[in-house]
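K.L.:
Got a structure here, written out as structure tokens. Questions coming.
The values are calculated or read from the model by the stated rules, or taken from the named source; none is laboratory data. Note that the coordinates shown come from a computational prediction; the quantities given were computed from them, not determined experimentally. Here the Cβ is made from the backbone with ideal geometry for all residues, glycine too, and neighbour counts use every protein chain on show.
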Amino acid sequence: MARPRVLLADDHVLVAEAFKKVLEPEFEVVETVADGRALLDAAQRLKPDIALLDLGLPLLNGMDAGKQLKKLLPKTKIIVLTMSEDYDLASVALREWASGYLLKKSAATELIQAMREVLKGKSYVTSYVAKRLLEDFVRDPRTDRIKHLTPRQREVLQLLAEGRTMKEVAAVLNVTTRTVAFHKYRIMEEFNLKNNSDLVRFAIKEHLLSSPV
């Protein structure tokens, strides 16, 4: 019987290799990638059964990459594997595109269990997060959340906040520099941002960039 095929996205090579060793007895890790755009490219090429992704991916963050991946390959199960204990983030991911949500501090056996569960069509949330999600839902069962940035604005903001020039951002997104400038200044105007430092802080607030340790 063929092993389920797994695509792994994490920008830390040693972490990715460690996960690969844990998974290989039961799963086939078909490829590891280090950023969100590489994840989308590899997923379309390989069509894995499961994609494991970190939220803090460069070029295209895990939240946006996961959402796009679900649209491209609705049958692929997506599991978040992250350091982030942000319960709001977990709630949005699970509601919109993720089948599972685990923390990197979870035991390896829990990761295997989660993968088995999602392959059966179930969802899996690590106990660290599940209790808080339930508490929040009991307090406020509404699931609607206002989203201020458009998908293109999120892409532009992340790349600029990572330190790329407008010309470099234009090359990554395959648009003109003028288009990037339009999105940048529209974001700055709408959210009252004065300079590039404000842009970086806003990107961190929007979970597009990891906060510096």
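K.L.:
State whether the residues of region 32-43 include one that is loosely packed, with under 14 Cβ neighbours inside 10 Å, more than 20 Å from VAL118 (Cα to Cα) and assigned by TED's automatic domain parsing to the domain that holds SER99.
P.N.:
There is at least one residue in region 32-43 that is loosely packed, with under 14 Cβ neighbours inside 10 Å, more than 20 Å from VAL118 (Cα to Cα) and assigned by TED's automatic domain parsing to the domain that holds SER99.
K.L.:
Here is a follow-up. So, of the residues in region 44-67 that are charged (D, E, K, R), part of a loop (DSSP other than H, G, I, E, B) and crowded, with 18+ Cβ neighbours inside 10 Å, which turns out to be modelled with the highest pLDDT?
P.N.:
ASP49
K.L.:
Would you mind stating whether LEU102 is at pLDDT 90 or above and assigned to a helix (DSSP H, G or I)?
P.N.:
no
K.L.:
Please state which one of LYS75, LYS70 is free of Cβ contacts under 8 Å to residues at least 40 places away in the same chain, part of a loop (DSSP other than H, G, I, E, B) and not small (Gly, Ala, Ser).
P.N.:
LYS75
K.L.:
Something else about it: Hey, GLU28 hits all of (1) out of contact with any strand residue (DSSP E or B) (no Cβ under 9 Å at 6 or more places or on another chain); (2) free of Cβ contacts under 8 Å to residues at least 40 places away in the same chain but one; which does it fall short on?
P.N.:
Result: GLU28 passes all but (1).
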